[in-house]
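The values are calculated or read from the model by the stated rules, or taken from the named source; none is laboratory data. These numbers come from a predicted model, not from an experiment. Cβ placement follows ideal geometry from the backbone for every residue including glycine, while neighbour counts extend to all protein chains displayed.
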Amino acid sequence: MDHTQLKTLKMTIMNLKAIAPLLFAVSLFSNAAFGAECLGDQQSKNVLTFEVVPQFPPSQIFSTWGPLLDKVGKKSGLCFELIVPKDIPEFESDFSNGRPDFIYANPYHFLVALKKQKYNPLLAESKNLLSGLVVEKATNPETPLKSLNGKKVAFPAPNAFGASLLVRGEFAKKGITIQPVFVKTHGNVYRSVIAGDTAAGGGLRSTLDSEPKEIQDQLKVIYTTQKFTPHPIATKPTISENIRKVFLQSFINCADDETCKKDLAAVGIEHPKKVTTADFNNIEELHLEKYAQ
């Protein structure tokens, strides 16, 4: 093989590595559309459904959760069917009716699932806690939160936990009346504020930090809420303690496995730990159902 052929081969391998996650996602998405996909141990007798809150496009969820569930399933001897509902209302309907065996949900949704179907929390991220923040234009003079009284404030969605429910709860607690405007995504929130369509917006540190520098430079954080335990993975009560135990241990073992550390990071659970309902008591005390839709 001459130098040119070798260079071409190397480029081909690099390109295949770059698109591997996308090809994996397309494969999962295609198989899911036909209702058959086992992630994990192909010899497992039972297929457990694992439903993820649709915060991101389906292709992104399949490309991040798919490889992780495949590795966890092989470690634990379990098999998963990854389900991505078309929207938040469908996700809420599914767990409210006890359809999925496992759910990955925001803390508010988990509390609803606990009340409606007695879903049991299993694990969550332990170090990067969840808080909401309020941003406004960087060029605005420093103003207190109360200066937003009566003004339009952008939020991604009514039931987004950190970026919407927590922030709106803080406004209400401080006696500040705002006009909420729901713009579907975090990115839309930040751009709405920059464009001057809204006076401020609710978001998360993680989503703000993921924006291009030119977007971040045009915004400033004027308020941050209290921090809470982030999105848990929970199981419906019919799932045995043995399955919960092997899943939990296999998931936690991933944090020490170089082959799946990046998969944990991709779904935002780099430091998994076991959680119980007690980890969410402080959220329940906020009575966020008053602001949910």
Counted residues, the stretch 112-137 - those being exposed (fewer than 13 other Cβ atoms within 10 Å of the Cβ) and without any contact (Cβ under 8 Å) to a residue 40 or more places away in the chain: 1
From 291, 223, residue being at pLDDT below 95, of a type in the set (Ser, Thr, Tyr) and over 17 Å from residue 68 (Cα atoms): 291
Determine whether residue 192 is surrounded by 18 or more Cβ atoms within 10 Å (Cβ to Cβ), of a type in the set (S, T, N, Q) and within 20 Å of residue 92 (Cβ to Cβ). no
Any residue in the stretch 202-223 that's assigned by TED's automatic domain parsing to the domain that holds residue 189 and free of Cβ contacts under 8 Å to residues at least 60 places away in the same chain: show its pairings with residues that are in a strand (DSSP E or B) and hydroxyl-bearing (Ser, Thr, Tyr) at Cβ separation under 7 Å, as long as the two are six or more apart or on different chains. none
Elements of type helices (runs of 4 or more DSSP H) in the stretch 172-234, at least 2 residues being closer than 19 Å to residue 157 by Cα and over 21 Å from the mean Cα position of the chain (by Cα): 186-195
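Which strands (runs of 3 or more DSSP E) sit wholly inside the stretch 72-137 and have at least 2 residues that are of a type outside the set (Phe, Trp, Tyr)?
Of the strands (runs of 3 or more DSSP E) lying wholly inside the stretch 72-137, those with at least 2 residues that are of a type outside the set (Phe, Trp, Tyr) span 79-83, 120-125, 133-137.
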Could you please find all residues in the stretch 259-293 being part of a loop (DSSP other than H, G, I, E, B) and under 29 Å from residue 168 (Cβ atoms)? 268, 269, 270, 271, 275, 276, 285, 286, 287, 291, 292, 293
Within the stretch 101-108, can one find any residue that is in contact with a strand residue (DSSP E or B) (Cβ under 9 Å, 6 or more places away or on another chain), aliphatic (A, V, I, L, M) and in the same structural domain as residue 281 (by TED's automatic domain parsing)? yes
Would you check if there is a residue in the stretch 138-146 being without any contact (Cβ under 8 Å) to a residue 12 or more places away in the chain and not in a loop (DSSP other than H, G, I, E, B)? no
Considering each of 32, 36 in turn, give the residue that is in a loop (DSSP other than H, G, I, E, B), at pLDDT below 75 and at negative phi. 36
If a residue must be surrounded by fewer than 16 Cβ atoms within 10 Å (Cβ to Cβ) and of a type in the set (A, V, I, L, M), how many such residues does the stretch 256-291 contain? 2
